[in-house]
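The values are calculated or read from the model by the stated rules, or taken from the named source; none is laboratory data. Owing to the predicted nature of the structure, the values given are computational and were not obtained by experimental measurement. Using ideal geometry, Cβ is built from the backbone for each residue, glycine included, and neighbour counts are taken over all protein chains shown. Keep in mind that these areas ignore ligands, DNA and RNA; they rest on the heavy atoms of the full protein, side chains included. Shrake-Rupley method; radii C 1.70, N 1.55, O 1.52, S 1.80 Å.
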Amino acid sequence: MRSTRRGAMGGVTPDRDPAGSIELARFAVELATGAAAEVRRALAALSGGDMRTDAKSTATDLVTATDRASEQWLVERILTARPGDGVLGEEGADRAGSSGVRWVLDPIDGTVNFVLGLPAYAVSVAAEVDGIVVAGAVCNVASGELFRARLGGGAYLYDQPLTGPRSVPLSRAVIGTGFGYDASRRARQIAVVAELLPQVADIRRIGAASLDLCSVAAGRLDGYFEAGLNPWDYAAGALVAAEAGCVVTGLRGREPSTVMTVAAGTSCATELTTLLEVLGADDVL
Ligand code: LIP
């Protein structure tokens, strides 16, 4: 999954859009906003009743019936409209497809926030063509905010172009991060944050990587990094950040990946990645 800094507002027309990214971007928005409405409906139907949860990789890695229903809703819509496409979803959907297009889905990113009623959880939908993310949409279910991007076509909050964070050095930057569901990994991750904190303005832990990445694109965070993310956590958000002109990368010259995903404004990106390398932030898994 590759993502580079673009920010070019492309005048791409269908005949110059071989990847069909215009249509994929339109459908990604339809899917993300539609599934978000389904999640809101499910929440309303619960009407304050206790939300049943199951544990996945660890006791703190939660899944609800709504996560599963949201993914099923997304997969059904995709296979009805585009039967040849592939799908990769957090809750188990895994289909190769034959069209060269694959949808990478997080039906509820920030599930723990969803369970607690903390309004920072989102439906994240990305479309890959031959392994490259060409379109993405992230819909914050609680606020309804829609972040969207197309490769070479820029990034938007609704229809408002996004241009990334303000220009500050790392010492004045507010940096987002996150922690895994495994306690020993969290111990290693917090050790990195303990070293980092005195060298930045402050740290934020929002709890949903897709929204963290979109927050950098919108200038609500100056940077973000996290080790141990799954492709469905960062696929769409990384494109939104890259198309907003942010640096989106891994460490040591690598691509963003499960090992490490970093997004930051150009003014502090090099300082941030250099410091994270020194601190071994990509050596916590
Ligand atoms: C979450 C990520 C978050 C990370 C959590 C979890 P989920 O995804 O969005 O950044 O810190 O540990 O992985 O499990 O809510 O889809």
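Key figures for this structure:
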quantity: Some residue of region 177-200 being touching a residue at least 40 places away in the same chain (Cβ under 8 Å), touching a Pro at 6+ places or on another chain (Cβ under 9 Å) and closer than 18 Å to Thr261 by Cβ; calculated: no
quantity: Members of region 226-242 found to be open to solvent by 10 Å² or more (accessible area, probe 1.4 Å) and within 17 Å of Val174 (Cβ to Cβ), listed by number; calculated: Glu226
quantity: Which numbered condition Gly245 misses (of (1) open to solvent by 20 Å² or more (accessible area, probe 1.4 Å); (2) within 12 Å of the ligand (Cβ to nearest atom); (3) touching a Lys or Arg at 6+ places or on another chain (Cβ under 8 Å)); calculated: (2)
quantity: Among the residues listed as Gly207, Gly180, Gly253, the single one being more than 21 Å from Ala149 (Cβ to Cβ), open to solvent by 20 Å² or more (accessible area, probe 1.4 Å) and either part of a strand (DSSP E or B) or within 12 Å of the ligand (Cβ to nearest atom) (or both); calculated: Gly207
quantity: Of all residues making up region 25-39, the number that are among the aliphatic types (A, V, I, L, M) and open to solvent by 30 Å² or more (accessible area, probe 1.4 Å); calculated: 1
